[in-house]
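Accompanying notes for the structure given below.
The values are calculated or read from the model by the stated rules, or taken from the named source; none is laboratory data. Please read all numbers here as calculations on a predicted model, not as lab measurements. Positions of Cβ are backbone-derived with ideal geometry, glycine not excepted, and every protein chain shown enters the neighbour counts. These area figures cover heavy atoms from the full protein model, side chains too; ligands, DNA and RNA do not enter into them. Shrake-Rupley method; radii C 1.70, N 1.55, O 1.52, S 1.80 Å.
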Amino acid sequence: MPALPTLRPVALIAPRLDAGPAAQAVQACAGLLAPAGYYLAAAPWQDAQALPLLGELRPAAALVIGPLDDPALRAALASLEIPVVETWSASAQALDSAVVIDNAEAGRMAARHLAEKRHALVACVSADNPWERARREGFISSAAALGLEQVADIVQPEVQHMNDGRMAFLRLLATNTIFDAVFCTSDLLAAAAVSEAHNRDLHVPQDLAVLGFTDDGSAAQWVQGLTTLGVDAAALGRRAGQLLLDRLEGERGAGQHDTMDVVFEARLST
């Protein structure tokens, strides 16, 4: 029997892997790496107990979901002198390379669309993570520049399930403010906003326009006619995998910064 090829590990560093978009990106990246002889090795590498084991793993490279902001983890990866690709959003100074979404521009695009649709009283609902914070900040700054009145700004600590999104929208309603449009920075938040609006006999978009950001396309499947901005999570994973291979094979040097295009899909909810 021929010997199986030796696969080399690529450390997978992620705060959590049960979110749909991250899982899609990781799967797509793994599918690209495997034929080249690499596999993704997932563990809580950012934890103090696991961090010393990272060196023992002797990874060929590292894939990071989110910015590499933890000083200890950053130092540990730097000491390994391996290619590192940050994804979704990068730290202020990427350790090596990054494949990111221009999240702030996505927020600005959302504000411009609502202004073009002549919505004057707007709200923003977001989760507390680096990429959604950037979308929120882009939306808020652009809305102000465009003369829109932002009447509410809801930041939900964690959004992992539909009920988390429902809670965020209920918090928005509890502000007792009048708004005619809401920008939701993720699939779950957008789908929950439309669902809860319908539960309260609010017609979308006649009574309330809803604009969402989608990482994996799920919101538009849950809510037919949802207007979205977004990216393809699997495409991001493939781009990150290709950048890792290019770095490992010496075809591209450190300092690469690839930006995924944000795609606008105008439908019926705005």
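Dipole size of the chain about its Cα centre, with +1 on Lys/Arg Cβ and -1 on Asp/Glu Cβ: approximately 140 debye, rounded to the nearest 20. Put a dot 7 Å past the Cα of L121, heading toward its Cβ, do the same for A34, and the two dots end up 5.3 nm apart. Annotation: average projected area of segment 114-257 is 9.9 square nanometres, based on the convex hull of Cα atoms across all directions.
Summarising the label geometry, the points placed 7 Å from Cα in the beta-carbon direction at L268 and D70 lie 4.5 nm from one another. Per residue, the average separation of C-alpha pairs within less than 8 Å and at least 6 apart gives the chain a relative contact order of 20 percent.
In a reduced charge model with +1 at each Lys and Arg Cβ and -1 at each Asp and Glu Cβ, segment 191-270 shows a dipole moment near 20 debye about its Cα centre.
Entry note, segment 9-109: relative contact order of 26 percent, from Cα contacts under 8 Å with a spacing of 6+ residues.
Keeping all protein chains in place, calculate the accessible area per residue for the chain (probe 1.4 angstrom), answer in Å².
Working: 12410 Å² over 270 residues.
Per residue, the chain has an accessible area of 46 Å².
Across every direction, the projection of the convex hull enclosing the Cα atoms of the chain has a mean area of 16.0 nm².
Net charge dipole, segment 115-261: roughly 140 debye, given to the nearest 20, about the Cα centre with Cβ charges of +1 for Lys and Arg and -1 for Asp and Glu. Placing unit charges on each Cβ (+1 for Lys and Arg, -1 for Asp and Glu) gives the chain a dipole about its Cα centre, and among L73, L63, L229 the Cα reaching farthest toward its positive end belongs to L229.
As an exercise, use a Förster radius of 45 Å and the Cβ-Cβ distance of E249 and R171 to find the FRET efficiency, rounded to the nearest 0.05.
Working from the Cβ atoms, E equals 0.40.
Counting only protein heavy atoms and a 1.4 Å probe, tell me what percentage of segment 231-270's accessible area is made up of carbon and sulfur. Percent of accessible area from carbon and sulfur atoms in segment 231-270: 44. Note on Q221 and R16: the model spin-label points, each 7 Å out from Cα along the C-beta direction, lie 2.0 nm apart.
Mind checking which of P83, H203, T177 is farthest towards the positive end of the chain's charge dipole, using Cβ charges of +1 (Lys, Arg) and -1 (Asp, Glu) about the Cα centre? Of the listed residues, the answer is H203. Please give the helix 71-80 orientation as an angle from the longest Cα principal axis of the chain, in degrees from 0 to 90, rounded to the nearest 10. Once rounded, one gets 40 degrees. For segment 121-183, the average shadow cast by the Cα convex hull is 4.0 nm², which is a quarter of the hull's surface. In plain terms, the bigger the Kirkwood radius, the slower the diffusion; for segment 179-239, with that radius from Cα pairs, at 20 °C and 1.002 mPa s, Stokes-Einstein puts D at 182 µm²/s. The Rg/Rh ratio for segment 17-105 is 0.95, where Rg is the radius of gyration of the alpha carbons and Rh is the Kirkwood radius.
A cut-off under 14 angstrom between Cβ atoms defines the neighbours of E265, and their net charge, with Lys, Arg +1 and Asp, Glu -1, is -4. Rolling a 1.4 Å probe over the protein heavy atoms of segment 50-196, with every protein chain left in place, gives an accessible area that is 51 percent carbon and sulfur. The share of alpha-carbon pairs in segment 1-154 lying farther apart than 23 Å comes to 48%. Ordering L53, Q93, G107 by the projection of their Cα atoms onto the charge dipole of segment 38-141, which places +1 on the Cβ of Lys and Arg and -1 on the Cβ of Asp and Glu, puts G107 at the extreme positive end.
Legend: calculated FRET efficiency, A78 to N163, from the Cβ-Cβ distance at R0 = 41 Å, rounded to 0.05, equals 0.55.
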